[in-house]
Every structure is written in structure tokens, then in C-alpha cells.
Amino acid sequence: MSATNSRNRLVPFSSKLAFGVGQFAEGLKNTAFALFVLFYYNQVLELPGTLAGLALMIALLFDAVTDPLAGSLSDNWKSRLGRRHPFMYASAVPLALAFTGLLWPPGDIETLGEWGLSVWLGVVGETGSSAPAGEVETFGKWILFGWLTLFAILARGAMTLYHVPHLALGAEMTENYNERNRIVAYRQFFAAAGVATVSIVGFGYFFTEARGGRTEVGNYAPFAITLGVLMVATIWFSAAGTQKEVRHLSVPAPKPKRNVFAQLAMDLVAGFSNVSFRWLFLGVLVVYVMAGVNSALDLYMFQYFWELTGNEMLWLNMGSVAGLLVGVFLVVPLLRFTGKRSGVILGTAVWATCQVIPVVLRLLEWLPENGVGSLFYILFAFKFVQGVILQVAFVAFGSMMADVADEHEYETGVRQEGIFFGAVAFSAKATSGFGTFLGGMGLDIIDWPVGAHIRTAADVPAETLVHLGLFYGPIVAGFSIVSMWCYTHYHLSRERHAEIVAVLDTRRRQSPPPAPALAARGGDSG
């Protein structure tokens, strides 16, 4: 890190704002993935839940390589724009195109099946032959599965190209213990704004009852295009607005030329050798998978378990967003009192509690009946509290990861924010990957009825609704205990971090960083 970036540096407001805005795009993408993708392909297009979930899990496995790869590449990249910004600029348009393709497949199962069979029969020389309806459906399912898999991979890959360098950039801008909390708070504010935008654009306009609701196929393509445009605009704004920070950032140390995958393997081994990081990674991986199951099933719960209207769905999501936004302003003083580790544990515990209680109360018939106004306000209150305290966990975790990068440099002499945040980005994407796979598989296990004609709870067997609630609430949330246990093994305190930063500061003064001219060599991936 350059000499101008002291351990006490306060980052200018304009840079914190631009950095925070950059999280808006990821908030859009993650929320749309979590709320609508499984529901669209399973409930509307009638792709079996297990296949839809499997497609998203395959894309997640792709992320298992590309997330740390993007981190390793950006850690070692050298260019006139710095080591993070080239990836941020390049990712925006591919992300928007891939996301649009994800929610704009070329047809439903029957249409795709007929097309696929006609092509197949032509290849085998049976043009003009007809096939049983069952074969048409089978072909259609696999073509739709392939489309979902391909575009989920492309969308995730493009987001990785942006998001991992963006996270690493935030960790680099300062080593100030409390300033890092503020930087992450900006990021989380705009993440919540992304969640709110998806809810407003989706439930408040494209998926209203007046436009046919959530089961109308034609609503999804314009919804995707709208979000894609917003992604491009905010990513480029963030990259341009933080460009001036490059002069304060560290320059990658010279390394022997290696194959990019060999370098990735070495970086991963080095990263996971850090004990603090290992426990943080395992803890957040568990909680993100849990959140992924719940997010994938949110729309099913809203529409069938709670029987909410589109307007109520919008405001219920806004309750969570309002909590997240309020939490941004409370989190920095609260973390000064609780410490970062306690903040993460508290946020995880309250999130799980708020997930379980309403479902249990409904199954015990201790809540007002569906359709009664007071029920909505009770659910809103739980969502709001959940959002407030969850923001504490988000900010504390992001700040802890930046502290881990300092500890890693202290132990190894190498600065590797990218590889750490690449691994964490992978765990975050488990939200709509492995978690969605489990959610889709769960729908098939409880024999959930599919089709655009399944519009209300009256169309679903009562026993199936009970199973949905149990799976969504107590069963999934119970795994939070594992996550909290992992967090208890993190021992990088404020005092220990201060000692580490003091030593790093002394080292840098004794051994100046490479001259800026080294970083100005264009396009060398090093």
C-alpha cells in the first residue's frame, strides 16, 4: 500500500459514495435471482424444481473457480487504470446481456420441445415423423434446463468479473479500523437500495395484478431489461467515481511468471492457511446457503402460505429494506460497543429467530387469519427487525474480512484482498446456487403443484402448505447454530488488529513500495 494511504486515512465522501453505489448492481442481481428465477422457471415455465435448482447449482460450481480466479487475477494485474478497475469497467455490458437472456428464454417447454424434436428428427433422417407428447415435453425440459444453466453461468461470470475486484477495492482504500466499518456501511446501504428497487420495479409495476401478476410470462423480459440498464449505469458510475483512489492503493509485488491456474492454486492455499479466514468462510457459507433456500421460496410463501397481494408483497419486502437502511445508521456505533465478531453472531441469531417465529405461530394458529390486515403488520414488523440486525452482521463481516487481509499480509508479506473476497463472493452466491437447488428439490419432495393456473392457496393441498412452512422456517433456520459456532473461532480483536497494522506500517516505511511507474505498464496480467 502506498505511503499516502496511512493506517489512519479517512476516505473522501465522494469515493465512499461511488464505491457504495457499486453494490447497487449486485443487490439488483442477487435479489432478482433469489426472488424470481426459481419461481419463473418452476411455477411459470413448469421446469421441475430439482432441474431448475440443479441448473443454478451448476452455475454455482462454475463460480467456485471463477470467483477466486477473478480475485487472483485482480491481485496481480498491472495497468494504467490500476489492478481492480479494468475488470469493473469491462463487466457491465456482458452482465446486463446475460441477465436479460436469463429471464427471456425463447419459449416454454412445449414450444422448445417441438423445436428440439424437429431438429433431432431432421438429424436422424426422420423428417415429417411425429413423436408422442411425452417426448416433446422431455425435450422441452432439457432445452429449458440448458438455457437456464448457460445464462446463469454467464450472468454469474460477468458479476464475478465486477464484484470481486469491487469488494477488494473497498478493503484497500484504508486500514483505519472504524473507517472500514463506514465504507462497508455505504456498500450495504446501496445493496439495500438494490433490493428495494427490485421490489418496487417488480411487485410495484411489472408483476402487479393489473399486468397479470407473477405468473404472466410476458412480464419477465421487460423486467430483466430494466434491471440490466440500471446495472450498467451504476457499475460504470462506481468505477469512474473511485478511479482517483488508485494512487492510494497498493501495487502488486513482482512475482515469477506462472500459469494463471497455477497462480490461483497457490493463492488459494495461501489464503486458506489463515485460520481467521477459514472460520469466517465456513460460517458465512452455511448462513448464505440457508438464506438461499429461504429466498428461493419467498415468493411461494408470499403467494400461497400467507396469501398476500402483490402490493402487500412489495411492502413486506420494503419492510426488510427499511430495516437494512435504518441498520446502516446504527451499525457503526453499535459495533463499537459489541465488537465485530459479536455483531456477526447477533445478526445471524436474530435473522434465524425472525425466520422461524412467524411460521411456527401460523402453524399453531396463533396468528390472525390470512387476509386480515393485522397479519400483514405483524409480518412487516418481523421483516423490519430482521433487516436492522442483519445489517449489523453484513457490515461487521465485510470489515472483518478487510482485517483478515491485514493479518495475512502480516503473516506472509503478501497483500491478497482479491483472493479472500473472491472466496467470500463464492459463498455469497451460494444464496442463489446451492440454496436454490435445495429449495427446488424441496418443492419436488413435498410434491408442489406447478403451472400458471396455480394462483392461490386453494389450488394447493393443505398438507403441502404445512410442509412448505416447516421447510422454509424451522428446518432451514436451525442450521444457523453451525454458522454461529464457526464465528466463535474468529479471534482477531481490535487490539490485535492495531498491533498488526502498526507492524505493517513500520515495514512499509523501511521497505518502500514499487514505484508508481511499474503500475503504469499497460495490460500486463503479471
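The values are calculated or read from the model by the stated rules, or taken from the named source; none is laboratory data. Bear in mind that the values here come from a model prediction, so they are computed numbers and not experimental data. Positions of Cβ are backbone-derived with ideal geometry, glycine not excepted, and every protein chain shown enters the neighbour counts.
For this structure, a couple of remarks:
- When residues in the stretch 75-91 are screened for being crowded, with 23+ Cβ neighbours inside 10 Å and either hydrophobic (A, V, I, L, M, F, W, C) or within 30 Å of residue 135 (Cβ to Cβ) (or both), 2 of them pass.
- Against the numbered list (1) among the hydrophobic types (A, V, I, L, M, F, W, C); (2) surrounded by fewer than 22 Cβ atoms within 10 Å (Cβ to Cβ); (3) in a loop (DSSP other than H, G, I, E, B), residue 54 comes up short only at (3).
- Condition met for residue 217 (surrounded by fewer than 22 Cβ atoms within 10 Å (Cβ to Cβ) and within 24 Å of residue 105 (Cβ to Cβ)): yes
- Pick from the stretch 308-335, criterion under 23 Å from the mean Cα position of the chain (by Cα) and not aliphatic (A, V, I, L, M), ranking: farthest from residue 205 (Cα to Cα): 329
- Flag for residue 385 being at negative phi and modelled with pLDDT under 90: no
- One residue alone among 229, 269 is assigned to a helix (DSSP H, G or I), surrounded by fewer than 17 Cβ atoms within 10 Å (Cβ to Cβ), out of contact with any strand residue (DSSP E or B) (no Cβ under 9 Å at 6 or more places or on another chain) and at pLDDT below 80, and that residue is 269.
- Boolean, residue 324 is over 23 Å from residue 465 (Cα atoms) and touching a helix residue (DSSP H, G or I) at 6+ places or on another chain (Cβ under 7 Å): yes
- The stretch 455-495, subset outside any helix (DSSP H, G or I) and within 28 Å of the chain's Cα centre (by Cα), residue surrounded by the most Cβ atoms within 10 Å (Cβ to Cβ): 490
- For residue 185, the stated conditions do not hold, so it cannot be described as of a type in the set (A, V, I, L, M), at pLDDT 90 or above and either part of a helix (DSSP H, G or I) or under 30 Å from residue 397 (Cβ atoms) (or both).
- Within the stretch 357-379, being closer than 18 Å to residue 390 by Cα and buried (at least 18 other Cβ atoms within 10 Å of the Cβ) holds for 358, 379.
- For the stretch 81-94, the criterion of being over 30 Å from residue 226 (Cβ atoms) and either modelled with pLDDT under 75 or not small (Gly, Ala, Ser) (or both) is met by at least one residue.
- Considering only residues in the stretch 1-50 that are over 27 Å from residue 223 (Cα atoms) and of a type in the set (Gly, Ala, Ser), the one that is modelled with the lowest pLDDT turns out to be 3.
- Residues that are surrounded by fewer than 14 Cβ atoms within 10 Å (Cβ to Cβ) and β-branched (Val, Ile, Thr) were ranked within the stretch 496-526; the one that is modelled with the highest pLDDT is 503.
- None of 372, 344 is β-branched (Val, Ile, Thr) and in contact (Cβ under 8 Å) with a residue 24 or more places away in the chain except 344.
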